[in-house]
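Data block below; observations after.
The values are calculated or read from the model by the stated rules, or taken from the named source; none is laboratory data. Since this is a predicted model, take the numbers as computed values, not measurements. Quick reminder, even Gly has a Cβ in these numbers, built from the backbone with ideal geometry, and neighbours come from all protein chains shown.
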Amino acid sequence: MTANDNDHRGLLPAGLGDLLPPDAAREAQAIGTAIERFAAWGYERVKPPLVEFEESLLGGPGAALASQTFRLMDPVSQRMMGVRPDMTVQVARIAVTRLKHEPRPLRLSYGGNVIRVRGSALKPERQFAQVGTELIGVDSAEADAEAVLLAIDALRAIGVAELSVDLNLPTLVAAVGGGLKLGGDALRRVRRALDRKDESGIAKALGDNAKAAALFVGLLRAAGAAEQGIPALAALALPQAAAAEAARLAEVVALLRAADPDLPMTIDPVDYRGLEYQTGVSFAAFALAGRQELARGGRYSAGYPEDGVSESATGFTLYMDAVLAASQPMAERPRLFLPLGIGWPDGSRWQAKGYALVRAVSPADDPRREARRLRCSHVLIDGDAVPL
C-alpha cells in the first residue's frame, strides 16, 4: 500500500464527514445540555433504531421524506428497510404504538444521527445530528407555544444567546383557496407567485377574481414583524377555516410575548417550503448574527392517518451542526501530563480539580517537551501542576 492509497482511505462521500476533536466533544456536550433541558420540562428520552421497515418509516408524515431515504433489503426478513432521514416520524411511531396507552399529552425527547440521499444548497451535509422533542396528544395554542419556548430555552442553554423566531401557517393558503372555491390549477399558480413574493403574479394567476387577489396580496403583505403582521392578518376577511388558523397564530404569538417579552418574532403566513407535513402553527429559530436556521418545528399528525391511527402533535428539531456554528466554543478542560511512575489512583484528585489527565505510557527524557507534544497545558512536577 502506498502513501497515496492511504490518502484515498480518508476520502468520504459528498455530504459526509468525520467530526474531529474538539468538535465531536462540543457536539456531545451540546446534545447532553439540550436533553437535560428537555428533561427539566418533563420530556422523557426515547431511542429509536437506525433502520426500520419502510412502510413504518415512510408512513404518515414520513411520506414527505421518501425521496430522501436510503433503502436496503433486510437479509433476515427479506423486507425493504429505510435508513432514517428524520427522527420525528420514528418518535411518532413509538407514541402511537409502543406508548399508545400512556396518558396524554405525551412528552418525548430524542437525539441521534440521520442521513439523507441529498443535501441542499443551504445545507449540503447529508448526515447530521438531530435533537428535539415531541408533545403528542393535544392540540392547543399552549402546546404550540411550549414547543417554541423549549427550543429557545435549549438553544440559550447551549450558548446561542441572540435568537429570533419566524412563525408560519403552512396550510393557510390552502385553507383560503378552499374557502374561495379556487380550482387546483389556480391555487398552484397563486402558490408559485406567493413563493416569489410577486404581487402582480398573484393578480395574473387569478384573472378577474380581484377579491381573491386582494386577499392573497394581503397575506403576502402581512409577513414581517409579528407586532405588525398579526393585526394585518386579523384585518383580512378570511374564510372561516383560514380565519381560525390566523386566530390560533395570534394566540400563540401572545403567549410567546407574555413568556419572553424581548424575543424577536416575525411571521410569514404564506411560507410552507420545507414544512409540507405540518398541519398548523410552525416555526423556525435563527441566530441573529448569522440568520442560519438552528431549529424547525410545528404542528403535525403523529402516526398513520392513512390507517386511521394518528394524534395531533407538535415538536421541533435542533440542527446541531448549525447550532454549534452559532454558539460560543466551550471552554476546554486543561490537560495535565502525568509522567511515568504516577499511580492511576493518584490522578483522581487532579480530575476533581477539572483537569483531563494524559498519562505517560512510555519513558520521556523531558516531561515538559513530551507534555507540549501531546497538547497538554500543564505537567505534573514534584506534586504540582506546572503550566507550560
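Selection over segment 283-323 of residues that are surrounded by fewer than 22 Cβ atoms within 10 Å (Cβ to Cβ) and more than 18 Å from residue 148 (Cα to Cα) gives a count of 11.
Just to be sure, is residue 334 more than 25 Å from residue 112 (Cα to Cα) and touching a Gly at 6+ places or on another chain (Cβ under 8 Å)? Talk me through it step by step, then tell me what you get.
Values: more than 25 Å from residue 112 (Cα to Cα): yes; touching a Gly at 6+ places or on another chain (Cβ under 8 Å): yes.
Here the answer is yes, as residue 334 does meet what is asked.
Among the hydrophobic types (A, V, I, L, M, F, W, C), without any contact (Cβ under 8 Å) to a residue 40 or more places away in the chain and touching a Pro at 6+ places or on another chain (Cβ under 6 Å): is that true of residue 89 in this structure? Here the answer is yes, as residue 89 does meet what is asked. Within the bounds of segment 74-86, is there any residue that is crowded, with 20+ Cβ neighbours inside 10 Å, at pLDDT below 90 and farther than 30 Å from residue 332 by Cβ? No, there is no match, as no residue in segment 74-86 is crowded, with 20+ Cβ neighbours inside 10 Å, at pLDDT below 90 and farther than 30 Å from residue 332 by Cβ. Across segment 330-353, the number of residues qualifying as over 34 Å from the mean Cα position of the chain (by Cα) and assigned to a strand (DSSP E or B) comes to 3.
Condition check ((1) under 28 Å from residue 326 (Cβ atoms); (2) charged (D, E, K, R); (3) touching a residue at least 60 places away in the same chain (Cβ under 8 Å)) across all residues:
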position	(1), (2), (3)
103	no, no, no
107	yes, yes, yes
145	yes, no, yes
155	yes, no, yes
163	yes, no, yes
169	yes, no, yes
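So which residues in segment 112-143 are in contact (Cβ under 8 Å) with a residue 40 or more places away in the chain and farther than 23 Å from residue 325 by Cβ? Once the filter is applied, which keeps residues that are in contact (Cβ under 8 Å) with a residue 40 or more places away in the chain and farther than 23 Å from residue 325 by Cβ, segment 112-143 yields 117, 134, 135, 136, 137, 138, 139, 141, 142, 143.
Within segment 122-171, which residues are within 14 Å of the chain's Cα centre (by Cα), acidic (Asp, Glu) and buried (at least 22 other Cβ atoms within 10 Å of the Cβ)? Correct list: 134 only.
Report yes if residue 97 is over 20 Å from residue 33 (Cα atoms), touching a helix residue (DSSP H, G or I) at 6+ places or on another chain (Cβ under 9 Å) and of a type in the set (S, T, N, Q), otherwise no. Yes: the conditions hold for residue 97. I'd like the residue in segment 206-238 that is part of a loop (DSSP other than H, G, I, E, B) and of a type outside the set (A, V, I, L, M, F, W, C) and, out of all such residues, is nearest to residue 179 (Cα to Cα). Filtering first and then ranking leaves 209. Residue-level analysis places residue 267 outside the set of residues that are without any contact (Cβ under 8 Å) to a residue 24 or more places away in the chain and buried (at least 21 other Cβ atoms within 10 Å of the Cβ). For segment 354-388, the set of residues classified as under 20 Å from residue 21 (Cα atoms) and either part of a strand (DSSP E or B) or under 38 Å from the mean Cα position of the chain (by Cα) (or both) consists of 354, 355, 356, 357, 358, 359, 374, 375, 376, 377, 378, listed by residue number. Only a single item in (1) surrounded by 15 or more Cβ atoms within 10 Å (Cβ to Cβ); (2) part of a helix (DSSP H, G or I) is not met by residue 244, and it is number (1). Selection of segment 117-136 for residues being under 26 Å from residue 152 (Cβ atoms) and assigned to a loop (DSSP other than H, G, I, E, B) yields 120, 122, 123, 125.
Scoring residue 104 on the criteria (1) at pLDDT 95 or above; (2) part of a strand (DSSP E or B) leaves a single failure, condition (2).
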